[in-house]
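Notes for the one structure printed next.
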Amino acid sequence: MKYLVIIEETKTGYSAFSPDLPGCIATGSSKEEVEKNMREAVAFHVEGMHQEGLEVPQPHSFSTYFEISA
């Protein structure tokens, strides 16, 4: 499955979350680190859901960009 992950810059580095997997988050001091940590967090989150017999949500979020004059 392919999940949308949102990465945001913070005062101390970066944070990430997936709208399709509530509670699944990660942080890192660089973009590369937060991406690595979030990939591991998603895998761990989904594995835990399987182990508990919970239904893993199907991805349903998407993204787009709009260009405007500023």
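The values are calculated or read from the model by the stated rules, or taken from the named source; none is laboratory data. If you're wondering where the values come from, they're calculated on a predicted model, not measured in any experiment. Glycine gets a Cβ as well: all are built from the backbone with ideal geometry, and neighbour counts include every protein chain shown.
General remarks:
- Count of region 47-61 residues which are touching a residue at least 40 places away in the same chain (Cβ under 8 Å) and aliphatic (A, V, I, L, M): 1
- A search for C-beta distances below 8 Å between a residue of region 8-31 that is under 21 Å from Met49 (Cα atoms) and any residue that is charged (D, E, K, R), counting only pairs 6+ apart in sequence or on different chains, returns Ala16/Glu8; Ala16/Glu35; Ala26/Glu40.
- Test: residue in region 46-66 that is outside any loop (DSSP other than H, G, I, E, B), of a type in the set (Val, Ile, Thr) and either surrounded by 10 or more Cβ atoms within 10 Å (Cβ to Cβ) or modelled with pLDDT under 95 (or both): yes
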